[in-house]
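Below is one structure, written out as structure tokens, with a few remarks after it.
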């Protein structure tokens with residue numbers, strides 16, 4: 001089961017608040033976690049390998065698509081958790 005969930009925000013009809021274990025995440029939290037993932041990939045696959053850049057490319061592709069995409073996740077070898085909440089968020093985000 002994913003620790004990440006969403007709830008309706010108040011700033012826009014499509015606003016979503018990202019929760020981790022039920023606690024709202026801030027942009028700072030998200031960037032701090034992303035930086036750690038990026039640095040860790042560089043530690044595991046140091047230059048001249050792609051390392052963190054590989055992860056960044058995957059994120060950019062997903063953001064450009066605007067939804068979680070199985071083909072993209074598979075291409076970047078990102079495992080897809082097999083639980084109902086995640087599966088429902090893989091194909092175009094569903095309304096809250």
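Whenever a residue of region 63-78 is free of Cβ contacts under 8 Å to residues at least 40 places away in the same chain, its partners that are assigned to a loop (DSSP other than H, G, I, E, B) and surrounded by 11 or more Cβ atoms within 10 Å (Cβ to Cβ), lying with C-beta atoms within less than 7 angstrom and at least six residues away or across chains, give the pairs 67/91; 67/93; 70/80; 73/80.
Scanning region 2-34 for residues that are in contact with a helix residue (DSSP H, G or I) (Cβ under 9 Å, 6 or more places away or on another chain) and either on the phi > 0 side of the Ramachandran plot or assigned to a helix (DSSP H, G or I) (or both) returns a single hit, 34.
Remark: residue 91 matches the filter, which requires a residue to be at pLDDT below 95 and out of contact with any strand residue (DSSP E or B) (no Cβ under 7 Å at 6 or more places or on another chain).
The values are calculated or read from the model by the stated rules, or taken from the named source; none is laboratory data. The shown structure was predicted, so the numbers you read here are calculated from the model rather than taken from an experiment. Cβ: placed from backbone, ideal geometry, glycine included. Neighbour counts: every protein chain shown.
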